[in-house]
Amino acid sequence: SLTKKRSEFHDFENKSKRLLEWFEHFVNVEMNHRIDGLTLEASLDMLKNELRNLIGEKRRNVNDLMITARVLQTNVTDQLQLQIIKQQTDRLEQSLSTAEEHVEKRIKKTEMIMKMFHDFDQGLENLRSWMDTIETTLQKPVSVNKLNANELRNHQQSVAASEADIEKHSTIISSVLALGHNLLSESDVRPRNIGTIQRTIQSIEQRWLALKDLIRKRKLELDTMNVSWRSVEEAIKRALKMITDHERFLSEVKRTCGQGLQGIRSEYKSLENFKRILDDDEKEIQEITDNYSGIIRS
């Protein structure tokens, strides 16, 4: 009857309206409300299970209304009602599709953030372990007055290797810090986690700067060592030359001793010259002593 058809149409119209309102509320409010405050793991579980099941239930409701709409379209002759049925079914299909896409996108986003967290944590663990090792290496005390040539060369190689290792890790540091900053920009990250991430980033940045300062300090110390060793080598060469010169002088004195008065006069003049040489050499010896003292004090 006409009354029955009219009742069926209004029933369809009311059900479709309520379902459309539910989809709008779900996408804009309810989904966020359900996962708000949850950990990423709990959010992902909620999305994959409870919310997917809920959307599945609503899909069945939409399918039931679609069947009802097809029946109405065969029985209703009013063009306005037919137009309303068509509009409502189109909107229901679109709203259902939007809700499903919204849930799936949120699942993918949550999985992505969880992977970022995992990569960030793993990167931090590796960086901390590496920093502990290289800091221990660079903080070992080195005393120049206890180093021989081989030890100095080994120390040079160690500092050079540490510098190369630090340079190699520069990209890794940047990547891990970038992950941390990306996590801070994600709205799904809980406030408590944000505070932890911020403190972690600050700690890594401070250690990284301190590490670069430490390698600069070690390189400067090494440069100072090299200068000191070169000064010592030059002083030793001068001392050896002094000894050689004095040996030649003593040989000359012995040769002139047997030449009578003239030989004595020559010897006396030679002694005067020798005294002047010794005075000059005393200055050289004092300079060598000062160099050694400076190296030991450093």
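The values are calculated or read from the model by the stated rules, or taken from the named source; none is laboratory data. The model shown is predicted, which means the values in this text are computed figures rather than measured ones. When we count neighbours, we look across all protein chains shown, and the Cβ atoms used for this are built from the backbone with ideal geometry, even at glycine.
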Next item on the list: Check whether at least one residue in the range 25-38 is over 25 Å from Asn193 (Cα atoms) and exposed (fewer than 15 other Cβ atoms within 10 Å of the Cβ), and report yes or no.
Entry: yes
Of the candidates Val142, Val189, Val176, the one satisfying the condition of being in a loop (DSSP other than H, G, I, E, B), closer than 30 Å to Glu111 by Cβ and aliphatic (A, V, I, L, M) is Val189
Checking the structure you have, find out if any residue of the range 88-104 is touching an Asp or Glu at 6+ places or on another chain (Cβ under 7 Å) and hydrophobic (A, V, I, L, M, F, W, C). no
When every residue in the range 83-112 that is over 23 Å from Arg70 (Cα atoms) and among the acidic types (Asp, Glu) is compared, the one modelled with the lowest pLDDT is Glu111
Suppose the filter is exposed (fewer than 14 other Cβ atoms within 10 Å of the Cβ), over 43 Å from the mean Cα position of the chain (by Cα), modelled with pLDDT under 90 and hydrophobic (A, V, I, L, M, F, W, C); does Leu80 pass it? no
Over the range 99-139, the set of residues more than 30 Å from Ser43 (Cα to Cα) and part of a helix (DSSP H, G or I) is Ser129, Trp130, Met131, Asp132, Thr133, Ile134, Glu135, Thr136, Thr137, Leu138
